[in-house]
Amino acid sequence: MDIAGPGGGGPKAVLATAEGGASSTMTRAAVIVPVLSRQQSVTPADPAGRPRTPRGPEARLAEAIGLARAIDLDPCHTEIVTIAAPRPGTLLGSGKVEELAERLRDGDITLVIVDHPLTPVQQRNLERALSAKVLDRTGLILEIFGRRARTKEGTLQVELAHLNYQRGRLVRSWTHLERQRGGAGFLGGPGETQIEADRRLLQDRITRLKRELETVRRTRDLHRAKRKKVPFPVVAIVGYTNAGKSTLFNRLTGAGVLAEDMLFATLDPTLRRVRLPHGTIMILSDTVGFISDLPTHLVAAFRATLEEVVEADLILHLRDLSDPDAAAQAEDVEEILRDLGIDASDETRVLEVWNKADAVETQSGANGNAVVISALTGAGIETLTAAIEQRLSGHLRETTIVLRPTEMSQLDWLYRNGAVLAREDLDNGGARLNVRLTQAAAEELARRREA
């Protein structure tokens, strides 16, 4: 799936890797992070008017390099560029464009990634001036998502996002057809231009994709309705990309979901049933990673996937304790949650989890309600599962239960749904047990004994 840029073909024509068979070496790329000067920049605020944590240029550069490497690019030139006044035609100043063009020629670099939104005009002008393919942040993320999608739903969503992105960037890449005739002779009129025909074809494809995704959404609704008939609570893991969501998912479920130190290592949502230590059964959902300045095309296209988060009974907001930009990343996640109608400050609905404790010496920064873990080593997982179970089923209760001989069939249920701390077999064939149960399990046991 190509992203059609101003130059005609998509970046995959340029990103020739061993995967495509065109080359055995990685594509050499330049990564540019434009930073507006203090006079031009404005500190953003959240909906409540509070200033947001500024994101450092070095952190932005590191993230942009990570995004480039996620699609097998070789970022052989990286640079932070301070912009005093953004140029409408190229974003960067003419001197910087000339300097960059020389670096590209000297380094045999064929692709430039600009970690900033570019207008179609800016992208086209930069490509002409640099004689190289140019991708902005949105185009790069779309390319990564295109590589990562595995399911039919994921492929449809990414293609829809691609087409919406392309629609505003169509330029004529051929000149053999000035116009298509609307009919024979002079009475046919000028007809439609080639660009208009392309836009019409794009719109037709977008309409078909939306219909297919609506079918997917209805199927998801049916599956969700079936799950609700079997009252298992749903727990969704959300977080900034590369926070360790898939590693935590694998730790809790024993699944084999791809988990690598790579941005957007996984894309398609995965659900598994998990039995917690005291018997509570939940459905755990691993979702797509969030990122700052997530393209609106993607948020709209992945609405069906993100509905798993909206419908979840509990949301685990996973944060990377080792990342110096963790505060800004958390705000990005909270902003997307707000867009989905979820209050990230609602502690009954959202549980904050600090991951990668093994990668730092001190564990400062987490608030008092956060659970500190290492999904990689398993440290803190017991505390996390206890916190999840408490949120889903209430506080644990320790109690003594005396089972009559006629109730001994409940023993198996007790061992599966609680923690049996002590057991004494009685002379009459019954048993006395000291057990720890959740509130929900205790209520279920009472119903079972009354039946």
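Numbers below:
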{"item": "Reachable aspartates and glutamates, given that their alpha-carbon falls under 13 Å from the alpha-carbon of Lys96 and they are not under 8 places away in the same chain", "result": "Glu79"}
{"item": "Calculated Rg and Dmax of segment 339-448 using C-alpha coordinates, Å", "result": "19.1, 62"}
{"item": "Rounded accessible area of Lys152 (nearest 10 Å², 1.4 Å probe)", "result": "140 Å²"}
{"item": "Among 415-428, 121-134, the order from most to least packed when residues are scored by Cβ within 10 Å on average", "result": "121-134, 415-428"}
{"item": "Ordering of 233-240, 272-279 by packing [mean C-beta count within 10 Å, highest first]", "result": "233-240, 272-279"}
{"item": "Carbon plus sulfur fraction of accessible area for segment 67-157, probe 1.4 Å, in percent", "result": "48 percent"}
{"item": "Rounded accessible area of Lys210 (nearest 10 Å², 1.4 Å probe)", "result": "110 Å²"}
{"item": "Residue order for Glu335, Glu361, Glu450 - accessible surface, 1.4 angstrom probe, largest first", "result": "Glu361, Glu450, Glu335"}
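The values are calculated or read from the model by the stated rules, or taken from the named source; none is laboratory data. Please read these numbers as outputs of a predicted model, since none were measured by experiment. Neighbour counts are summed over all protein chains in view; Cβ atoms, including those assigned to glycine, are modelled from backbone coordinates with ideal geometry. When the accessible area is computed, the model is the full protein with side chains, heavy atoms only, and any ligands, DNA or RNA have been set aside. Shrake-Rupley method; radii C 1.70, N 1.55, O 1.52, S 1.80 Å.
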